[in-house]
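Enquirer: Before we start, here is the structure in question, set down as structure tokens.
The values are calculated or read from the model by the stated rules, or taken from the named source; none is laboratory data. Values in this document were obtained by computation on a predicted structure and should not be read as measured data. Here the Cβ positions follow ideal geometry from the backbone for every residue, glycine too, while neighbour counts run over all protein chains shown.
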Ligand code: SF4
């Protein structure tokens, strides 16, 4: 029953033309992982490899994300991974605020379906999609937030960690805070 509902979300995303991002997509990209996950990892949007394969986080950022998940003692298949927008922005630009808002219904449907114990947002766009526009990741990370009563933590996008490895220590602290919460 739950899987059918996820399939419905994926079908709706595949047919969605609600914003201009549909014009350049090869595939809409909704999620990978488990519908029974306790944690949702939320990124920005599909890049080249994701658009080609129809799966989130399968390029270099995805490899790092999978390593981060394993460092937390979990398997990538046991978590739920999705994005703020389902279709690839041209030239991998940051999604415009109106695109994030238009795609937000898909995100909310997924969170309702998964009903996670915790959400970890990866990068500024992911945080903006649930917490609103404004503060940087640097200002939002390091403390707990909430979305619809679900505890939410903010950290850097894996692509930012690939560009600037000095952020890895802070990201590791963020992962540890989430891990501690899940063990409580
Ligand atoms: Fe629809 Fe989201 Fe794709 Fe825009 S990004 S076309 S709202 S699925």
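Enquirer: Condition first: within 30 Å of residue 5 (Cβ to Cβ), out of contact with any strand residue (DSSP E or B) (no Cβ under 8 Å at 6 or more places or on another chain) and touching a residue at least 40 places away in the same chain (Cβ under 8 Å). Can you find one or more residues in the stretch 115-123 that meet it?
Expert: Checked against the condition, which is being within 30 Å of residue 5 (Cβ to Cβ), out of contact with any strand residue (DSSP E or B) (no Cβ under 8 Å at 6 or more places or on another chain) and touching a residue at least 40 places away in the same chain (Cβ under 8 Å), the stretch 115-123 yields no hits at all.
Enquirer: Right, another one. Kindly evaluate residue 41 against the criterion of being in contact with a strand residue (DSSP E or B) (Cβ under 8 Å, 6 or more places away or on another chain), assigned to a loop (DSSP other than H, G, I, E, B) and modelled with pLDDT of 95 or more.
Expert: no
Enquirer: Looking for something modelled with pLDDT of 95 or more and within 24 Å of residue 146 (Cα to Cα) - is there at least one such residue anywhere in the stretch 45-54?
Expert: yes
Enquirer: Now for a separate question. Hey, does the stretch 79-86 have a residue that's more than 16 Å from the ligand (Cβ to nearest atom), under 15 Å from residue 114 (Cα atoms), modelled with pLDDT under 95 and outside any loop (DSSP other than H, G, I, E, B)?
Expert: Scanning the stretch 79-86, I find no residue that is more than 16 Å from the ligand (Cβ to nearest atom), under 15 Å from residue 114 (Cα atoms), modelled with pLDDT under 95 and outside any loop (DSSP other than H, G, I, E, B), so the answer is no.
Enquirer: Please go through the stretch 154-169 and give me each residue that is touching a residue at least 24 places away in the same chain (Cβ under 8 Å) and buried (at least 16 other Cβ atoms within 10 Å of the Cβ), ordered by number.
Expert: 154, 155, 156, 157, 158, 159, 160, 161
Enquirer: Inspect all residues belonging to the stretch 12-19 and state whether any of them is farther than 30 Å from residue 183 by Cα, assigned to a helix (DSSP H, G or I) and touching a helix residue (DSSP H, G or I) at 6+ places or on another chain (Cβ under 7 Å).
Expert: yes
Enquirer: In addition: Only one residue in 65, 6, 23, 55 is away from the ligand (no atom under 16 Å from the Cβ) and either touching a residue at least 24 places away in the same chain (Cβ under 8 Å) or surrounded by fewer than 14 Cβ atoms within 10 Å (Cβ to Cβ) (or both). Which one?
Expert: 65
Residues checked against (1) closer than 26 Å to residue 167 by Cα; (2) surrounded by fewer than 18 Cβ atoms within 10 Å (Cβ to Cβ); (3) in contact (Cβ under 8 Å) with a residue 12 or more places away in the chain:
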{"site": "35", "(1), (2), (3)": "no, yes, yes"}
{"site": "44", "(1), (2), (3)": "yes, no, yes"}
{"site": "50", "(1), (2), (3)": "yes, no, yes"}
{"site": "75", "(1), (2), (3)": "yes, yes, no"}
{"site": "102", "(1), (2), (3)": "no, yes, yes"}
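Enquirer: Determine which single condition residue 124 fails, assuming it passes every other condition in (1) within 16 Å of the ligand (Cβ to nearest atom); (2) over 15 Å from residue 81 (Cα atoms); (3) under 14 Å from the mean Cα position of the chain (by Cα).
Expert: For residue 124, the exception is condition (1).
Enquirer: Something else about it: Scan the stretch 125-153 residue by residue and report those that are more than 14 Å from residue 181 (Cα to Cα), touching a residue at least 24 places away in the same chain (Cβ under 8 Å) and not in a loop (DSSP other than H, G, I, E, B).
Expert: Selection gives 125, 126, 127, 128, 129, 130, 147.
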